[in-house]
Amino acid sequence: MLARMIKTKREIELLKKSAKISDSCISIIEKALKEDMITENELARRIRKQLKAMGAHESFKTIVASGKRSARVHAKPRTTNKIIKGIGLVDFG
């Protein structure tokens, strides 16, 4: 376990790259949330598109849920649900 606390140069490079990719999605999310008619599904699609553009792939399906749906475990983004202002959940990776 102690050995895993110390990262190799390659591991550090990969962590930095993954942080850069995640950071690039934040502006996409912020911009989308300012749109009145954005849906959960559309936001998830934009995140996936950005990940792909940055050379990444999804380890799991992107989760976007708003309002009461944000309390659900592994909520699937809905096409018909306009994002509700307030509490929400976005998980990607």
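Listed values, structure above:
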item: Complete set of residues in segment 18-70 that are among the β-branched types (Val, Ile, Thr) and free of Cβ contacts under 8 Å to residues at least 12 places away in the same chain; result: Ile26
item: Residue selected from segment 20-45 under the condition part of a loop (DSSP other than H, G, I, E, B) and open to solvent by 100 Å² or more (accessible area, probe 1.4 Å), by the criterion modelled with the highest pLDDT; result: Lys34
item: Residue in segment 46-59 that is in contact with a Pro (Cβ under 8 Å, 6 or more places away or on another chain), at pLDDT below 95 and within 27 Å of Lys82 (Cβ to Cβ) present; result: no
item: Count of residues meeting criterion [under 18 Å from Ala19 (Cβ atoms) and open to solvent by less than 60 Å² (accessible area, probe 1.4 Å)] in segment 59-82; result: 1
item: Hits in segment 83-93 (condition: small (Gly, Ala, Ser) and open to solvent by less than 60 Å² (accessible area, probe 1.4 Å)); result: Gly88, Gly93
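Conditions tested, residue by residue: (1) at positive phi; (2) under 12 Å from the mean Cα position of the chain (by Cα).
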{"residue": "Ile21", "(1), (2)": "no, yes"}
{"residue": "Arg45", "(1), (2)": "no, yes"}
{"residue": "Leu51", "(1), (2)": "no, yes"}
{"residue": "Met54", "(1), (2)": "no, no"}
{"residue": "Ser59", "(1), (2)": "no, yes"}
{"residue": "Thr62", "(1), (2)": "no, yes"}
{"residue": "Ala65", "(1), (2)": "no, yes"}
{"residue": "Val73", "(1), (2)": "no, no"}
{"residue": "Gly86", "(1), (2)": "yes, no"}
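The values are calculated or read from the model by the stated rules, or taken from the named source; none is laboratory data. Fair warning: this is a prediction, and the values are worked out from it, not measured in the lab. Cβ coordinates were reconstructed from backbone atoms using ideal geometry, including for glycine residues, and neighbour counts include every protein chain displayed. Accessible surface is based on the protein model in full, side chains and every heavy atom, while ligands, DNA and RNA are left aside. Shrake-Rupley method; radii C 1.70, N 1.55, O 1.52, S 1.80 Å.
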